[in-house]
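Q: Okay, here's the structure, questions in a sec.
The values are calculated or read from the model by the stated rules, or taken from the named source; none is laboratory data. Remember, predicted model here, so these are calculated numbers, not experimental data. FYI the Cβ positions are ideal-geometry reconstructions off the backbone, even for glycines, and counts take in every protein chain you see. Protein only, heavy atoms only, side chains kept; ligands, DNA and RNA dropped before computing areas. Shrake-Rupley method; radii C 1.70, N 1.55, O 1.52, S 1.80 Å.
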Amino acid sequence: MKYLILIYSNPQSRAAWETMSDEARMEFGRAHMRFGESLAESGELIVSEGLADPALGKRVSVQDGTTMTSDGPYAEAKEYVAGFYLVEADSIEHVVERVAVLPDAANGGIEVRPVFDHSILDL
């Protein structure tokens, strides 16, 4: 089954980042590199990416057939997705065990969600 590992950033994690030394920031990045390499070696990794600052994104909506966009950041969003890993694994418990090594886990900044299997739909 596929699982999406969502890495979140929030005011607390940003504040912690700002107080880190350059070496601590480098180790943070190396932890993600090791994690991605470990997933690739085990054959579980499908794709992983970090995301640009939300201020660079656009929110899209359609009203009365008209497509409208608005620029970020979005005041109501204090937490945002900073990156993700898409993995293939036997169980969510296994994925939870794996992500516990990431530094983001210390601030509750990780969510693991099963990917909906569209093949079960009769379309």
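Q: At 222 nm, what helix-only mean residue ellipticity would the chain give, in deg cm²/dmol to the nearest 500, using -39500 (n - 2.57) for each DSSP H run of four or more?
A: Calculated from helices alone, the mean residue ellipticity at 222 nm is -9500 deg cm²/dmol.
Q: Ranked highest first by average number of other Cβ atoms within 10 Å, how do 79-87, 92-100, 33-41 line up?
A: 79-87, 92-100, 33-41
Q: Give the distance, in whole Å, between the Cα centre of region 99-116 and the Cα centre of region 12-56.
A: 12 Å
Q: Right, something else. Can you order the peptides 17-23, 62-68 by their average number of other Cβ atoms within 10 Å per residue, highest first?
A: 17-23, 62-68
Q: Using the Karplus equation 6.51 cos²θ - 1.76 cosθ + 1.60 (θ = phi - 60°), what ³J(HN,Hα) coupling, rounded to whole Hz, does each residue of region 56-61 give in order, writing x for Gly and Pro?
A: Whole-Hz 3J(HN,Hα) from phi for region 56-61: 8, x, 10, 9, 10, 9.
Q: Give the relative contact order (percent, whole number) for the chain; include only Cα pairs under 8 Å separated by 6+ residues.
A: After rounding, I find 47 percent.
Q: If you don't mind, there's one more thing I want to ask. What number comes out for accessible area per residue over the chain if the probe is 1.4 Å? Units Å², please.
A: On a per-residue basis, 69 Å².
Q: Which one, Leu121, Leu4, Leu51, projects farthest toward the positive side of the charge dipole computed for the chain from Cβ point charges (K/R +1, D/E -1)?
A: Working it through, the farthest residue towards the positive pole turns out to be Leu51.
Q: Another question, then. Sort the chain into rounded, prolate or oblate with this rule: let a ≥ b ≥ c be the square roots of the eigenvalues of the Cα gyration tensor; rounded if a/c is under 1.5, and if a/c is not under 1.5, prolate when a/b is larger than b/c, oblate otherwise.
A: In terms of gyration-tensor shape, oblate.
Q: If the only charges are +1 at each Lys and Arg Cβ and -1 at each Asp and Glu Cβ, what is the size of the charge dipole of the chain around the Cα centre, to the nearest 20 debye?
A: Using only the charged Cβ atoms, the result is roughly 280 debye.
Q: First check a/c for region 8-67, with a ≥ b ≥ c the square roots of the eigenvalues of its C-alpha gyration tensor; if it is under 1.5, answer rounded, and if not, answer prolate when a/b is larger than b/c or oblate otherwise.
A: oblate
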